[in-house]
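Notes follow once the structure below has been shown.
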Amino acid sequence: MTDDGLRERIKLVDPSASLPLLAADQASRLMEETMSTPAASTPPTGSRRVLLAAALVLAVAGVGWLFAGNILAGQPDVPRTPGAGPVVRLTAGTASAKCRAPEAATLAASADFAFAGTVKAVSGQDVTFTVTRVYRGAAASEVQVELDDGRSESLVGSGPARVGLGYLISAADGAVIGCGYSGEADSQGLRQLFEAAF
């Protein structure tokens, strides 16, 4: 569209197009009044209080919206009761990935399920955990994880899974998150990572 075409369109919808033009002296007088009238420098004190209260209400509503969004998305910030709910099935990754040092913010952002559990049974590649605490996600009584040869190098401190051994496991989309974000519960720094993330 050209400038002339745009001007024509504006003229068609301009509500002042039907009004008579101002005389030059009227336009000058209105311009002078506008320029010489001082603007209010600060709102009255009562208005400040109203504006401050409105800003506070918006801030509280925003925080509430974020908190409610986490709960509605199935990712509450408070731990759930163990022993309730269905058995969850996860798969473990491989050790071929290169990893950077784990960070609580990364764990909090990526995990949709995280729990503390004790190995209940090992059967081939399947390890069954009794859930002792759910940090994030739906409540579960047991979690079954498929590990290569009953172990996974992607889990911190992992040798062969043994009955009674405690683990902290995080997962996203049904797969265990390795690279220092899951492993034996007594692995250095893992418990602190979970506490900081959840």
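The values are calculated or read from the model by the stated rules, or taken from the named source; none is laboratory data. Computed from a prediction, not measured in an experiment: that's the story for all the values here. Using ideal geometry, Cβ is built from the backbone for each residue, glycine included, and neighbour counts are taken over all protein chains shown.
From the list ALA138, ALA196, the one residue that fits, being part of a helix (DSSP H, G or I) and within 22 Å of the chain's Cα centre (by Cα), is ALA196.
Just one residue in the set ALA39, ALA55 is of a type outside the set (Ser, Thr, Tyr), at pLDDT 70 or above and under 26 Å from the mean Cα position of the chain (by Cα); that residue is ALA55. Within the range 96-124, restricting attention to residues that are of a type outside the set (A, V, I, L, M) and outside any loop (DSSP other than H, G, I, E, B), the residue that is surrounded by the most Cβ atoms within 10 Å (Cβ to Cβ) is PHE115.
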